[in-house]
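Before any comments, here is the structure.
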Amino acid sequence: MAESSTAAPAADTTRPARGRRPRLPAWWPWGGGALLVLGCLGLQSQLYSGQERTVTTVFMFVALAAAWNLIGGYTGYACFGQVGFFGLGAYTTVILMVHARLSFWIALPAAAVVAAVFAAVIGLPLLRLKGHYFAVATLGVAEGLRELVTNVPRWTGGGSGATIPSTGDRAVTPWLGNDGFYLLFLGLAVVCAVVVALVSRGRTGYALRAVNQDEDAAAAMGVNTTVAKTVAFAVSAALTGAAGAAYAFQQVTIYPQRLFDVDITVLMIVMVVLGGAGTVLGPILGAAGIAIASEYLRQHLPEAHDLTLGALIIIAVILLPQGVVNFARDAVRTRDFSLLSNVRRYRL
Amino acid sequence: MSQFLQATVYGLLQGGLFALIAVGFSLVWGVMNVINLAHGSFVLVGAYLAFELNRRIGLDPFAAMVPVAAALFAAGYLVQRGLINLVVKAPIFITLLLTFGLNLLLVNGLILIYSGDYRSVTTGYAADGFALMSGVRVPVGRLLAAVVALLLTLALVAVMRRTRTGLAILATGMDRGAARLMGIRARHVYALTFGLAAAMAGAAGAAVSAVGTFNPADAGRFTLFSFVAAVLGGLGNMYGALIGGMVLGLVEAWGGQLLPGTLVNAVAFAVLVAVLAVRPEGIAGRAFYSSRVEV
């Protein structure tokens, strides 16, 4: 993946490197990431249109997983309503482009801002909840948003869907085409990964990890936990909202059932957890791995692909509960690469 | 007025069924701190088993509750022993993901076997009804389902409070470390708990098959209802789940009368979020396990 190598500095800041690790120049993750992005920039001309759409979907999930990682991975708040921000961004775009007839390039940042403001407003009461309660509350917000969108058809088209005019005179912004959306989602994925990398290295990243490990202790050490959590939630929502806006324009016609599908949230979580929560690289690897596996299964096992995906998730969760990146880091450090001893850690 | 009364009756009957589904979900959540996203698919497995028993040997769906519950108890025990116990000490996302994978597996397995078509089990009496008063009709099938659901829920509470096994489950839920030191086999107790929850879900599924149509995609709805009922009632509190289920049934029935379209769901979720933000311990009082020590 393009921006994968931006992860290494974050990994280093979370856990100081031991002396024997081979030294690489400090700029290599950024340089390597830039090289990979350049490679992806040339890739779209080499792919069939079907493959190109698959890779575009992978980029979207990289962006979504990176965004969820901020609130779920670093801060440790299991947000089960992330898809609410996705749908909110999508429907903000629809309303702005269809009713206000604004350009997509205004609607995209507007969608991010709307999602961020909404997250900050609901975050103030909801981020006081812990654990499962936060998970259920955010799930309730997302489901409530879906019902709301379904029931104001004058603005959103309701359950029968809304269409963004994308060709001819009625189009405020012409549809971007497969190549255009490839580049748009690549850009979004890069932005999300860079934002996460910067947050991870900065003061906020330390505050978020402190909140994750022990919120009371973090507060006692002078971390303003409310501000840190709300900022993480809002930034995560903004990135998700932007992805939703781009997805809405790509799909042209959108339906609330699809845009607020709880499965999208769960996919984000699966990707982050299996890749490695709280790392920059993990969600990127997880998103790419699962999106590609899912697409492969869809083509080769059309009947049973969800079933196989379920079985794979079960196996992966049992063997690698802390995610690929965290497992690899600990395994390298302790020289213990056995998956069985990994299972023993969490077994009852 | 009679329309309102009819909605109330319908809501209470539906609420009884919700309560039976939610009580197992709440038990697993309270005792093991596991949110079982596959709970709704257990309900459907129960419904399809009842459907199959009815088709093959003509068994009445309410009589089928017994073999269905037994089968799901065994399945639930094995799932907990073989899968969930392996990750029960990991962070909460992990068990969530595991049960999500299980849900995908079960729902899509059901779709493969039975397709996505709506099914139902028809009995001679379930659609009959009697008039409670002018304009208020009580369908026999739903009444039977609600009464059985209530009895099963109360029986579960009695088992938990009165029997050695029930007390072992409660003790393990309060403090797993201390329970193990007292000689309780936590692995076995967890598996029993999960088996009981699955059995309740299966019994509820058999009742669902008798009172209406169902298809594999309903699993998510049932899980969500149990979620809401369990939270409204307070985590792990079984009487709370009963009350939560009733409240949910009533809100759904009244909302369907008063509000256009599916806006009632939006209201239900708004109530849920408000309850969580203001009274996270649920409307029925404090959570059963207020001080949890994880060992």
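Just so it is clear, none of the values below were taken in a lab; they were calculated from the coordinates. Note that this is a predicted model, so its numbers are computed, not measured. For neighbour counting, all protein chains shown are included, and Cβ atoms are generated from backbone atoms with ideal geometry for every residue, glycine included.
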Chain B: relative contact order in percent, alpha carbon pairs under 8 Å with at least 6 residues between: 38
Residues with amide H under 5 Å from that of B:Leu132, placed H, sequence gap 5 or more: B:Arg137, B:Val138
Helical mean residue ellipticity (222 nm; -39500 (n - 2.57) per DSSP H run of 4+; nearest 500) of chain A: -23000 deg cm²/dmol
Computed FRET value (nearest 0.05) for B:Ala131 with B:Arg56, which takes r as the C-beta separation and R₀ as 30 Å: 0.25
Residue-by-residue Karplus 3J(HN,Hα) for the range A:164-171, coefficients 6.51, -1.76, 1.60, Hz, glycine and proline x: 8, x, 10, 9, x, 6, 6, 7
³J(HN,Hα) computed for each position of the range B:142-148 - Karplus, 6.51 cos²θ - 1.76 cosθ + 1.60, integer Hz, glycine/proline x: 5, 4, 4, 4, 5, 5, 4
Alpha-carbon centroid distance for the pair the range B:89-105 / the range A:54-71, whole angstrom: 20
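Tell me the mean residue ellipticity at 222 nm calculated for chain B from its helices only (DSSP H runs of n ≥ 4, each -39500 (n - 2.57), averaged over every residue, nearest 500).
Values: 11 runs with 213 residues, N = 295.
Estimated from H runs of four or more residues: -24500 deg cm²/dmol.
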Least to most buried among A:Lys130, A:Lys229 (fewest other Cβ within 10 Å first): A:Lys130, A:Lys229
HN-Hα J in Hz across the range B:15-29 - Karplus 6.51, -1.76, 1.60, θ = phi - 60°, x for Gly and Pro: x, x, 5, 4, 4, 5, 5, 6, 5, x, 4, 5, 4, 4, 4
Alpha-carbon centroid distance for the pair the range A:272-316 / the range B:153-175, whole angstrom: 39
Between the range A:161-219 and the range A:37-53, the Cα center-to-center distance that results, in Å: 20
